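What follows is a set of notes on a single structure, which appears directly below.
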Amino acid sequence: LFVSLCLCTWGLYNLIRGARWTHWLFVTVSVGIAYLPWIAHLLKQVERGKVWIPPVTVSRVVEVYSGFAQEQPAYLLLIWASGAFSSLLWYRKHQQPSLKGWLTGIVRSPIPILLVWISVPVIMAVTVSVVLLPVLTHRNLIIILPGIVLITVLSTQAIDRWWNDRPLSLFALVILMLTDLIGVREYYEKPTKWQYRAVAEHVISNTKDATTTAFISGAWHPSYFNY
């Protein structure tokens, strides 16, 4: 996903800048050839059948995005929309461009590349999940996080600029941090990890059945206990 994203971003850059496609085509074909030996490994994963990752649904895609938005996707989208609107107002006030000129400026900015950065991996993961086996998880898509952060930075910067550099972005970040500190505590307070470990250790220490002990030791490896 990472390599594919880089190639797509490079292709978008060539499209916007009107650059030559020779090097892009050579690298893309080379990467495709280099990936061929790994197809066998991918097919073995497919043959495993059931996996623990849930099937792809619209709510599942939203859930993945929400995880990278501090579980506040609506709040983050509001910041992005406010940033775009503030940017439009600022340009119309100081440079008097047409809407077409403002859109041209947006296209020439880092925003299209960042949008590709946070959308292409998800689209590819959904495609792989539907065609082959489920891979749509937060850990598989952690790469989209930098794009989300950078778009948020650009948005808050545009808002601050429109409001004469008043620290509205600082206020927004404080709200997000307080929300995480006070509201999103479900995962950290779940006692399942230490409960599972305590039960397994209790069974191992109080049984003389080597089979049971071996089974639990194999299923709950010490490294997972530590985790």
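For VAL135, the residues 5 or more places off, or on other chains, whose built amide H falls under 5 Å of its own are SER129.
Each Lys and Arg contributes +1 and each Asp and Glu -1, all at the Cβ; summed about the Cα centre of region 12-153, the dipole is approximately 340 debye. Surface analysis of region 76-151 yields an accessible area of 56 Å² per residue, using protein heavy atoms and a 1.4 Å probe.
If you take the square roots of the eigenvalues of the alpha-carbon gyration tensor of region 74-135 and sort them as a ≥ b ≥ c, do you get rounded (a/c under 1.5), prolate (a/b over b/c) or oblate?
Numbers: a/c = 4.78, a/b = 2.50, b/c = 1.92.
Here region 74-135 falls in the prolate category.
For region 1-150, a/c is not less than 1.5, where a ≥ b ≥ c are the root eigenvalues of the C-alpha gyration tensor, and a/b does not top b/c. That puts it in the oblate class.
Given R0 = 45 Å, the distance between the Cβ atoms of ARG161 and THR57 translates into a calculated FRET efficiency of 0.70. What a 1.4 Å probe finds exposed on region 121-166 is 67% carbon and sulfur by accessible area, rounded to a whole percent. At q = 0.22 Å⁻¹, work out log10 I(q)/I(0) for region 1-82 with the Debye formula, treating every Cα as an identical point scatterer and leaving solvent out; two decimals please. Debye intensities relative to I(0), on a log10 scale: -1.00.
The values are calculated or read from the model by the stated rules, or taken from the named source; none is laboratory data. All values derive from a computational prediction rather than experimental measurement. When we count neighbours, we look across all protein chains shown, and the Cβ atoms used for this are built from the backbone with ideal geometry, even at glycine. Quick note on the areas: whole protein, heavy atoms, side chains included, nothing else; ligands and nucleic acids left out. Shrake-Rupley method; radii C 1.70, N 1.55, O 1.52, S 1.80 Å.
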